[in-house]
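Okay, structure first, notes after.
Read-outs throughout are calculated quantities, based only on the coordinates presented, and are distinct from any laboratory measurement. Note that the structure is a prediction, hence the values are computed from the model and not measured. Cβ placement follows ideal geometry from the backbone for every residue including glycine, while neighbour counts extend to all protein chains displayed.
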Amino acid sequence: MRILISPAKKMRVDTDSFAAPSLPAFLSETERLLTALRAMTPAQLQKLWKCNDSIAALNQARLDTMDLHRQLTPAILSYEGIQYQYMAPGVFDRQALDYVSTHLRILSGFYGVLRPFDGVTPYRLEMAAPLSVDGAKDLYTFWGDKLARALAAETDLVVNLASKEYSKAVLPHLPTHVQVLTCTFGELKGDKVVEKGTMCKMARGEMVRWMAEHNVQQAEALQAFDRLGYRFSPAHSRAEHYVYLKEDV
C-alpha cells in the first residue's frame, strides 16, 4: 500500500527535529526544473507563481540561493498546510514514523514524488503551473509516466488522498494491476456529495494520522475511519471510491 497526498504551498526549514537520510528519487529532474526557473525574469516568475509581491520576493530569494543537497528538511516536516497540521507528524511515535516512512508518498510539482524523510528545500511550484521545460508544455507532460512507474514498482494498491491537481499526474498512468482507492470527504446536499476544501484537507491529514496509529495494511480497514465527524457511507461508496460523510452535530 502507498498513500498519496498533495504538498502544501507554505514551507519551512527544520534541520533539527529529524535528519533527512535520503535525497529525492527524481533529483536530476528537479535540477532541470531549477535551471528553467532561474532562467525566468522576476515578472515571469510572479506570473507563474500567481502570488503577491512579498511572496514573489521570498521565492525569488530562495531560487537564487537554493541548494538541493545541503541544509535539507525531511519532506514530511517541511510542509505547513492544513493537511500537515492535522497529520501532526512532529509528534508521531516511532511506530507511526516507521509506518509513514514505508507507506506515505508526497506528490510535488518540483520533486515529483517524495518519501517522507527525503530532504527538501522550500520552493514554490504547483503541479498545474504552466512551466515549459525540455520541450514539455507543462509539468504533467514533463513528468509523464515517471511517477506512476515508480509507484507501481513499490505497490499494487494506491490509496489516493491527493487533490485532483496532483493525482492526475499519477493515476492515468498507473498499470492495470495497480488498484486505486480514492477517498472523498463531503456532506450531503440533497442527493449530491459536496466537498469543502478546508475540511477535505483536515480529513486527509487526519486519515494519514489514523492509518499510522492503526497500522492499516488493507483497503477495507479504511471503512472504520471515524474522525472529525466523518463516517464511511456504504450507500455512496464503491470498491475503488470510498465516501465519508460528515454527520450532523
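Observations on the structure shown:
- Sparse packing (at most 10 other Cβ atoms within 10 Å of the Cβ) combined with a DSSP loop state is found for the following trypsin sites (Lys or Arg not before Pro) in region 70-115: R70.
- Where Rh is the Kirkwood radius over Cα pairs, Rg/Rh for the chain: 0.97
- The C-alpha atoms of the chain define a longest principal axis, and helix 197-214 lies at about 70 degrees to it.
- Selection of GluC sites (Glu not before Pro), region 173-249, meeting DSSP coil and at most 15 other Cβ within 10 Å: E195, E240, E247
- Restricting the chymotrypsin sites (Phe, Trp or Tyr not before Pro) of region 102-159 to loop positions (DSSP other than H, G, I, E, B) with no more than 10 neighbouring Cβ atoms within 10 Å leaves nothing.
- If you plug the beta carbon distance of Q223 and E154 into 1/(1 + (r/R0)^6) with R0 = 22 Å, you get a FRET efficiency near 0.40.
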